[in-house]
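Data block below; observations after.
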Amino acid sequence: MGNSSQPLVGYARQGHVATITLNRPDKRNALNADLVRSLRQVLADFDGDREARVAILCGAGMAFSSGADVQERQMRTPEEFARLGGPQEPDAHTGDLFVRSINWKPVIAAVHGAVMGLGLGVAFECDLVVADLNTRFQITETPRGLGGARFWSLLHTCGAGAFATEVALTGRFFSAEEAHRAGIVCAVAPDGCVIEHAEALAQRIAANPPLSVQSTVRVRRWFIYQAERMAVAFIDPMKLYLTDDFREAVAAHVEKREPSDFKGR
């Protein structure tokens, strides 16, 4: 659930700018099925809000999102993975959150703390990313045994080039400043000021003719979606979530130990 009686995903609007807040701070906004379904509904609400022209997506608590909820999504049995076709439920998949838009309104990710795995995907599928100076990003799927191909395609399409390949193959953490130099973060805000920076950017966008803005968003999202869809089509048949290496990587993560030597099977 969200913070006490608050919804899992908050929605508020001031003028033409909406703020969408992931509200599972006790789990560092880890993405489980309920949170993804709630985010999908709130994005639809934003899409249908006639007064809203731009949204800022942020996370409550210490992190934007630590990625997939390991206990709920990666600790499944092989039979559950086979039935679902992977770690994410078909109706709660993060990969199609933005392409379902009707009105193509821009979303700015205002990120801080940890931005990892599926959380990284959600952030960079937003149309712009503003990062707190102390933000740390990671493609966790690589060390976890799931592979970083989808996120490589996302960052590569966003313009990261060789940097995208390096962070996808190593699975290392990278900083907000590195992401800015790679051209995938549009601004780095001083510690604690990321929302203010995102709001100023949103106001500049909202001052433009809405249909003009939406035409650019529509084309960008089409290119992003095509790149990710091709990546997924290549790697899905590998069923990495059924491998011994994946099970060992997840067990090591949960048990807070170094994994044993991986076997490539």
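Here are some notes:
- Straight-distance crosslink candidates among lysines, where the alpha carbon sits under 26 Å from Lys239 and sequence neighbours closer than 8 are dropped: Lys256, Lys263
- Under 5 Å, built H, 5+ apart or other chain: amide partners of Ile56: Ala18, Thr19, Ile20, Ile108
- Going from the fewest other Cβ atoms within 10 Å to the most, the residues Val54, Val217 appear in the order Val217, Val54.
- The charge dipole of region 141-265, taken about its Cα centre with unit charges on the Cβ atoms of Lys, Arg (+1), Asp and Glu (-1) only, comes to about 480 debye.
- In the chain, taking the dipole from charged Cβ atoms about the Cα centre, the farthest positive-side position among Val122, Leu146, Ala60 is held by Val122.
- The distance between label points at Asp47 and Asp34 comes to 2.4 nm (points 7 Å beyond Cα on the Cα→Cβ vector).
- Between Gln71 and Glu177, the modelled labels are 3.7 nm apart [label points 7 Å from Cα along Cα→Cβ].
- For Lys239, Lys256, Lys263, Lys105, order by how many other beta-carbon atoms lie within 10 Å, fewest first: Lys256, Lys263, Lys239, Lys105
- The simple spin-label model puts a point 7 Å past each Cα toward its Cβ; for Leu84 and Cys193 those points are separated by 4.1 nm.
- Placing +1 on each Lys and Arg Cβ and -1 on each Asp and Glu Cβ, with no other charges, gives the chain a dipole about its Cα centre of roughly 380 debye.
- Using R0 = 22 Å, the C-beta based FRET efficiency linking His93 and Leu169 works out to 0.35.
- Arranged from fewest to most other beta-carbon atoms within 10 Å of their beta carbon, Ile102, Ile108, Ile139, Ile195 become Ile102, Ile195, Ile108, Ile139.
- Gain on full stretching of the segment that runs from Val254 to Gln226 - 0.36 nm per residue minus C-alpha separation: 6.7 nm
- Between region 194-227 and region 167-184, the Cα center-to-center distance that results, in Å: 22 Å
- Placing a label point 7 Å from the Cα of Gln6 along the Cα-to-Cβ line, the residues of region 62-80 whose backbone N sits under 18 Å from it are 62-67.
Here, each number is a calculation from the coordinates, and none is a lab measurement. Bear in mind that the values here come from a model prediction, so they are computed numbers and not experimental data. Backbone-built Cβ (ideal geometry, glycine too); neighbour counts: all protein chains shown.
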